[in-house]
1. What ranking do 95-107, 121-133 get when scored by the average of other Cβ atoms within 10 Å per residue, highest first?
2. Would you mind checking the radius of gyration and Dmax of the stretch 526-652 based on alpha-carbon positions, in Å?
3. Work out, step by step, the length gained on full extension between residue 31 and residue 293: first 0.36 nm times the residue separation, then minus their alpha carbon distance; give nm to one decimal.
4. Between residue 273 and residue 207, what length comes free when the chain is fully extended (0.36 nm per residue of separation minus the Cα-Cα distance, one decimal in nm)?
5. Restricting attention to the alpha-carbon atoms of the chain, what are Rg (one decimal) and Dmax (integer), both in Å?
6. Can you give me the angle between helix 280-302 and the longest principal axis of the chain, using Cα atoms only, in degrees from 0 to 90, rounded to the nearest 10?
7. Do any trypsin sites (Lys or Arg not before Pro) in the stretch 555-633 lie in a DSSP loop with no more than 11 other beta carbon atoms within 10 Å, and if so, which?
8. How big is the equivalent ellipsoid of the stretch 332-514 along its three axes, where each semi-axis is √(5λ) from the Cα gyration tensor, reported in whole Å from largest to smallest?
Amino acid sequence: MSAISANKAFSKIEFLKLMLLSREGDRREGILLRQSKGWFQVSGMGHEALGALSLCLQPSDYLFPYYRDRSIVLARGLTNYDLALAYFAKRTSSSAGRQMPGHYSDRSKNIFSVCTPTGGSLLPACGAAWSMKMAGDASVCLTTVGDAASRQGEFFEAIAFAVQEKLPVIFVVEDNKYGISTPTDKFLPFNLGILSEDIVVKIDARYPDNVYNAGLAAADKARRGDGPTIIWADIDRLSPHTSSDDHRIYRTAEDIESMTARDPIRLLVEELKSAGELTDSEWEALQEETAKRVDEDYLLAEKEEDPSPSDDLIHVFGDQRPAEVPPLPPGQRSTMVSAISTTLRKALESDPTVVIFGEDVEDPKGGVFGMTKGLSDSFPKQVFNSPLAEATIMGVAVGMAAYGYHPVFELQFIDFIAPGWNQITTNMSTLRWRSNGDWKCPLVIYAPYGAYLPGGSLWHSHSNESSLAHVPGIQVAIPSTPEDAAGLFWSAIHSDDPSFILIPKHIFRKQVNVTTVEPVPFGKARVVAEGTDVTLVTWGNCLELAEEAAAAVSASIEIIDLRSIVPCDYDTIVTSLEKTGRLVVVHEDNRTCGFGQAIIAEITRVPKRWNLFLSPPQLVARDDVHIGFNPIYEYASLPDVDQVIAAINVVME
């Protein structure tokens, strides 16, 4: 069934057909599960009247739904057959079978790919809405969330940012009274009186008229530039939480019976019958017709092709573009900070969709380390201070990137990444893969990183690149020279994938001669010094240790600066080992599950590579301990030159 056109006369009969289609799809999936056909189902029963929200949207608007929004996406233009393919996890479904049923997505209809963590799409919706506002696009974002998730921090961050920037976004809280088995009444911000009544509209969302009128008013408000609306939708969840749940365990029979009497389809049918617009025979015929259509769709979808195991690695990353020469003049002395600032300035000049956002990045501060100094004065419509909210920084970046802008966002220190971790693992790293390449997330997150700078303590001195490297779908780079910093930033800004660039604090103000400036692609290491006895692999601050150790031993040391660890240039390491037969890896991240262990495991797992070794490979890394404030603690935990020399001596024995 096709979508009902937006902003046309609201036909209750036509909308009843859509509600019934949604309900019948849920019913059919329940039957299939009981027949052991399928693995899981999440139902939207009771939420059907919310489909009227889609009737308030224009084609250019964006929808950020959650998994109970079957009627909303049907009204937006997805077909029952689309949802049947998703239920069976078929190769031709929107996720190619990678997502659970109910995790809708369609780039052509601006339906953002649903993530399972409820509330995870709120900040990306704000990012898309902010891009719309910057672009002068009179579109809006509609984003929905279950009532239980309204207590998550990202819910409040999203509302605060939307109000702050007067964003064209509509938040819909689908208050069905339960978070799985937990009654939510005492938890809800609306009930606790901590949300401004100026932006909250509470409706009985069992009636499509209420939903439609509230949606139109909120959309008109957003298009006028008057900011966001929170529609608090009072509804019932007529089914268990999912097919893995049984609500009879925690709901009384009287409660379920009372709720069933408020079924939105039942209420609309009674209204239409009372108005003489629907007869008993017409209603019976409509039910039979819909059931037949749904059955046909699911029978056809069941026969479609399943995914192939060989499809699994497709769309983890996009195609890598050829690297370009970064805008850094050669023949001068420079620092990484200066090179990054120069590169960012050129990016802002050449592309108005490049946006810098982070804590204290505006002038006169220009970032706590001065990397954005002068940029907001020159580009006031592209460089903005963020709130002290790392989840906002990450989530807004996702939404902007999905919309088509190019966010280059700063974290003050990589140590502060934890509040934004949900967006990294939930959306940023998974969006391309979970949508089978339909959506992409090209963005850059950069942050100062690392130690060897006394006084930083726990949250200013760590180097946790291995945590990022563990997450599929994001690129991770660590430059150690001005030209590499410029090259990696330039490649990241022009990449189709999310990229993290970690900037080593100990050496990022080190003045060096920039002799040549060349393209620096991700996944291409730099041979810093050639040698024949030992291959020494490192990156970031530890490059200094490697060079000092190499100068202090009689062996011939080949030093490799990886520059990026995801992707990692294993070929260059193997080529070096073919000469030396000995490997030492040095990094300042802690030892256990550090990336150095990954390198050693990867190099030694292949028999042909194993046969290259003349001695066991060695790892020099930070002890498995946090970094303390007193420099005694800091240097006690970090790798030093003597440890690198000792490792070289071990492999030379």
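1. Highest mean packing first, the order is 121-133, 95-107.
2. Both quantities, over Cα of the stretch 526-652: 13.9, 46 Å.
3. My answer for the length gained is 92.8 nm.
4. Values: separation 66, 0.36 × 66 = 23.76 nm, distance 1.50 nm.
Taking 0.36 nm per residue and subtracting the Cα distance, the gain is 22.3 nm.
5. For the chain, the Cα radius of gyration and maximum Cα-Cα distance read 28.0, 98 Å.
6. 30
7. Details: sites: 563, 579, 582, 591, 605, 608, 609, 622; in loops: 563, 582, 591, 605.
Of the trypsin sites (Lys or Arg not before Pro), the ones in loops of the stretch 555-633 whose Cβ has at most 11 other Cβ atoms within 10 Å are 605.
8. Equivalent ellipsoid of the stretch 332-514: 23, 19, 16 Å, largest first.
Every number in this text was worked out from the coordinates using simple rules, so none of it is lab data. Note that the structure is a prediction, hence the values are computed from the model and not measured. FYI the Cβ positions are ideal-geometry reconstructions off the backbone, even for glycines, and counts take in every protein chain you see.
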